[in-house]
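Asks: The structure that follows is given in the form of structure tokens.
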Amino acid sequence: MATQNPTDPVEATGADVVTRFAPSPTGFLHIGGARTALFNWLFARHHGGKFLLRIEDTDRARSTEAAIEAILDGMRWLELDWDGDAVYQFARADRHAEVAQELLAKGEAYRCYLTQDELAAMRAEAQEKRKPFRVRSPWRDRDDGDPALPHVIRLRAPQDGATTIDDRVQGEVTVQNAELDDFILLRSDGTPTYMLSVVVDDNDMGVTHVIRGDDHLNNAFRQLALLRAMGWREPVYAHVPLIHGADGAKLSKRHGALGVDAYRDEMGYLPEAVNNYLLRLGWGHGDAEIISREQAVQWFDLAHIGRSPSRFDFKKLENLNGHYLREADNDRLAALAAPRVETLIGRALTGDEHALLAQAMESLKPRARTLIEIAEGATFLFAPLPLAMDEKAAKLLADAPEGLLAAAADRLRALDDWSAEAIEAAVRETAESAELGLGKLAQPLRAALTGRAVSPGIFDVLLLLGRDASLARLDAAHNYPAGA
């Protein structure tokens with residue numbers, strides 16, 4: 001039978017809602033952590049409440065300033081703004097220790113003098129009996145220990161009955177209290193443990209809803225024991241299934257378990273695409289796939305988070321990113337693509353070239369799925385003569401009818417107006433005069449102008465390059481491959 005909660009879980013609405021994201025700064029902002037942050041942010045914004053950020057930097061050996069900055073940078077890139085200043089858990093260690101002492105004074109905790117050898121023997125006995133190892137300290141019911149001797153402080157967890165959590169994702173989950181152990185609150189050196197720090201911080205920060213991965217579900221029962229020992233208000237729990245790879249296995253680096261910086265810097269995704277994709281990993285609103293930030297805030301709730309693990313699919317993410325590229329402002333895309341283009345061509349772009357890159361976006365973005373593809377597709381605009389030809393382009397030039405490119409160049413050179421309409425008319429007239437379909441001319445033209453077999457439409461290419469560059473490239477290609 002479940003024990004009766006001393007206080008009902010808070011069913012806060014409106015400005016009462018407070019959520020938090022509490023990453024450990026031992027690495028970058030993991031893609032799964034980003035989803036947790038997004039869900040917490042959306043729930044708070046949906047209710048007009050607060051979204052708080054807590055950096056759980058108590059692991060001093062592994063926490064680094066670089067990792068903290070990477071987390072903050074990733075949050076800013078995803079536009080997951082938090083309310084107030086970020087809280088650093090290590091700075092609150094004295095407060096955590098104060099609560100442990102209060103529990104000790106109330107009889108809800110006790111000093112434990114078990115040695116490492118004694119604990120090792122207990123662990124070995126549990127293994128021999130093939131039972132889970134749970135600390136059952138003989139010091140729980142003793143008060144004759146010397147406080148001056150090395151000891152830890154343990155919570156006096158309930159041993160009878162059961163604890164039930166009405167989880168907003170997992171449903172009702174019950175654990176027998178006999179399965180809980182008297183976990184450590186303060187180590188022998190006086191430092192607080194993670195389990196104590198989390199509970200104290202959540203309470204002091206006024207957190208009403210704890211939305212996190214379901215790998216923390218077991219921790220919730222232990223944390224509830226501490227909450228109830230202090231008589232504090234209990235939060236609403238929502239434990240979200242973890243993300244799996246496309247093969248159903250636990251998400252790893254080969255599946256995409258990387259920092260969000262890799263999705264931005266190495267893979268060329270837009271933040272709105274990543275947010276949209278993460279939102280749909282485990283949550284849904286009917287058949288909606290393309291969900292704006294405004295819609296996400298309006299629609300998000302805990303009831304529509306699924307109970308089954310979601311599977312990470314790069315193809316779906318790329319398709320979403322392609323959609324957002326097509327919707328994006330051209331100047332913004334050019335600014336994002338420019339550093340990538342500069343890396344590819346090995347030099348800085350001039351002011352005029354930046355303007356040309358922005359102008360080219362309407363032609364480049366319909367075919368692209370990432371900023372990397374946009375940058376790669378744009379490099380032909382800035383290539384020096386003679387153009388380097390890829391293998392397919394070289395074959396197209398070699399197979400082109402003799403004099404075809406020269407004829408095209410002559411017609412284009414005769415134009416008084418270098419407009420899209422005039423360019424298209426000249427190219428079509430050249431194809432008709434040679435009794436060829438447009439494609440038979442467009443293919444070698446594309447190769448001569450870009451050095452590639454794939455590019456934006458040939459009329460767009462000619463317009464973007466302009467008269468002088470277009471004619472110079474066609475003239476250079478007349479004797480290809482003999483003069484190459």
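The values are calculated or read from the model by the stated rules, or taken from the named source; none is laboratory data. Just so we're clear, the structure is a prediction, and the values are computed from it rather than from any experiment. Note: ideal-geometry Cβ built from the backbone for every residue, glycine included; neighbour counts use all protein chains shown. These accessible areas exclude ligands, DNA and RNA; they are computed on the full protein's heavy atoms, side chains included. Shrake-Rupley method; radii C 1.70, N 1.55, O 1.52, S 1.80 Å.
Asks: When all protein chains stay in place, what accessible area (Å², nearest 10, 1.4 Å probe) is found for W232?
Replies: For W232, solvent-accessible area is about 40 Å².
Asks: Could I ask something else about it? For region 324-414, what's the relative contact order in percent, using C-alpha pairs closer than 8 Å and at least 6 residues apart? Spell out each step's value before the answer.
Replies: Working: 51 pairs, mean separation 28.2, N = 91.
Relative CO of region 324-414 lands at 31 percent.
Asks: Residues with beta-carbon under 13 Å from that of L474, excluding L474: net charge, scoring Lys, Arg +1 and Asp, Glu -1? Before the final figure, lay out each step's value.
Replies: Values: positive: R411, R413, R446, R467, R473; negative: D410, D468, D475.
Within the 13 Å Cβ shell, the charges total +2.
Asks: Related question: So, in nm, how far is label K395 from label D94 when the simple model puts each one 7 Å beyond its Cα toward the Cβ?
Replies: Label-label distance for K395 and D94, simple model: 7.5 nm.
Asks: Something else about it: Using only the heavy atoms of the protein chains and a 1.4 Å probe, how would D215, D167, D313 rank by accessible area, largest first?
Replies: Values: D215 95, D167 5, D313 55 Å².
Result, largest first: D215, D313, D167.
Asks: If you don't mind, there's one more thing I want to ask. Counting only heavy atoms of the protein chains, get the accessible area per residue of region 405-478 (1.4 Å probe) and round it to a whole Å² value. Kindly include the intermediate steps, with their values, before the conclusion.
Replies: Numbers: 3190 Å² over 74 residues.
Here the residues of region 405-478 average 43 Å² of exposed surface.
Asks: Let me ask you something else. I want the local charge near A375. Using Cβ-Cβ distances under 11 Å, sum +1 for each Lys or Arg and -1 for each Asp or Glu among the other residues. Each step should come with its number before you reach the end.
Replies: Details: positive: R340; negative: E342, E373, E376.
Residues near A375 contribute -2 overall.
Asks: Right, next: Work through the residues other than V173 whose Cβ is under 15 Å from its Cβ and net out their charges, Lys, Arg +1 and Asp, Glu -1. Don't skip to the answer; put the middle values down first.
Replies: Working: positive: R168, R212, R222, R307; negative: D166, D167, E172, E179, D214, D215, E234.
With Lys, Arg at +1 and Asp, Glu at -1, the net is -3.
Asks: If contacts are Cα pairs under 8 angstrom and at least 6 residues apart, what is the relative contact order of region 32-149 in percent?
Replies: Details: 69 pairs, mean separation 25.8, N = 118.
Answer for region 32-149 is 22 percent.
Asks: Shape call for region 141-288 from the C-alpha gyration tensor, a ≥ b ≥ c root eigenvalues: rounded (a/c under 1.5), prolate (a/b greater than b/c) or oblate?
Replies: Values: a/c = 2.55, a/b = 1.88, b/c = 1.35.
Prolate shape, in that a/c is at least 1.5 and a/b is the bigger ratio.
Asks: Where a ≥ b ≥ c are the square roots of the eigenvalues of the C-alpha gyration tensor, would you call region 402-481 rounded, which needs a/c under 1.5, or, failing that, prolate if a/b is larger than b/c, or oblate?
Replies: Working: a/c = 1.22, a/b = 1.06, b/c = 1.15.
Cα axes put region 402-481 in the rounded bin.
Asks: For K392, which lysines qualify as cross-link partners when the Cα separation must be under 22 Å and same-chain residues fewer than eight apart are set aside?
Replies: By straight Cα distance, K392 reaches K440.
Asks: For a quick protection proxy, order the peptides 378-389, 42-53 by their average other-Cβ count within 10 Å, most packed first.
Replies: Numbers: 378-389: 17.0, 42-53: 20.8.
Highest-to-lowest ranking by the protection proxy: 42-53, 378-389.
Asks: Here is a follow-up. What lysines sit close enough to K315 to cross-link, taking a C-alpha to C-alpha distance under 23 Å and skipping anything fewer than 8 places away on the same chain?
Replies: Of all the lysines, those that pass the test against K315 - Cα under 23 Å, at least 8 places apart if same chain - are K250, K253, K365.
Asks: Just the projected area, averaged over all directions, of the convex hull on the alpha carbon atoms of region 211-290: how many nm²? Please report the intermediate quantities before stating the final value.
Replies: Details: hull surface 30.4 nm².
Taking a quarter of the hull surface, the average projection is 7.6 nm².
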